1. Give me the percent of the accessible area of the chain that comes from carbon and sulfur atoms, probe 1.4 Å, all protein chains in place.
2. Rounded, prolate or oblate for the range 54-95? Axes are the square roots of the Cα gyration tensor eigenvalues, ordered a ≥ b ≥ c, and the cut-off for rounded is a/c under 1.5.
3. For the modelled label position 7 Å from the Cα of Lys47 along Cα-to-Cβ, which residues of the range 74-92 have backbone nitrogen atoms closer than 18 Å?
4. Report, in debye and to the nearest 20, how large the dipole of the range 1-52 comes out about its Cα centre when Lys and Arg carry +1 and Asp and Glu carry -1 on their Cβ.
5. How large is the charge dipole for the chain, taken about the Cα centre, if only the Cβ atoms of Lys, Arg (+1) and Asp, Glu (-1) carry charge, to the nearest 20 debye?
6. If you work out P(r) over Cα pairs in 10 Å bins from 0, in percent from the coordinates, which of [x] 15, 46, 26, 8, 4, 1; [y] 12, 23, 18, 15, 12, 9, 6, 4, 2, 0; [z] 15, 54, 29, 2 do you get?
7. Spin-label point model (7 Å from Cα, Cβ direction): what's the Lys10 to Asp39 distance in nm?
8. What does the helix-only formula give at 222 nm for the chain: each DSSP H stretch with n ≥ 4 adding -39500 (n - 2.57), the total divided by the residues, and the result rounded to the nearest 500 deg cm²/dmol?
Amino acid sequence: MGNVLRYSRKQLDRAFKDFAKKETLGSNDISEWVRLINDFIYEFGLKSEVNEIDKLSITTNKEEQIVIEKMMYALEGTKTSLAYIFDGNITYIEE
């Protein structure tokens, strides 16, 4: 699988649809979103990391954040942000 960050809009839409076929949002709670985000990061080989041990947080970059949030929108149909899921606990890394 190529780098999802370099996909065209059409390829990205297709990737989201394929991901949605395998993964479903069982409920709209935070733990379910965290599970889906982790699955998405793993499946597409993103560099983002979720920390669930101390304080729920994510380390990501702006580009990956946008792709993850687009995936969330594709699954839910409503705008949900990483800032909401992780209560603002986002650390940004530079490439």
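The values are calculated or read from the model by the stated rules, or taken from the named source; none is laboratory data. The structure displayed is predicted, hence computed values, not measured ones. Ideal geometry is used to build each Cβ from the backbone, glycine not excepted, and the neighbour counts take in all protein chains shown. Ligands, DNA and RNA are excluded from the accessible area calculation, which covers all protein heavy atoms including side chains. Shrake-Rupley method; radii C 1.70, N 1.55, O 1.52, S 1.80 Å.
1. The computed percentage sits at 49.
2. Numbers: a/c = 2.91, a/b = 1.34, b/c = 2.18.
In terms of gyration-tensor shape, oblate.
3. Output list for this probe position: 90-92.
4. 460 debye
5. Values: 13 positive and 17 negative charges, 110 e Å.
Rounded to the nearest 20 debye, it is 520 debye.
6. For P(r) over Cα pairs in 10 Å bins from 0, in percent, the calculated option is [z].
7. Output for this residue pair reads 2.8 nm.
8. Result for the chain: -15500 deg cm²/dmol, rounded to the nearest 500.
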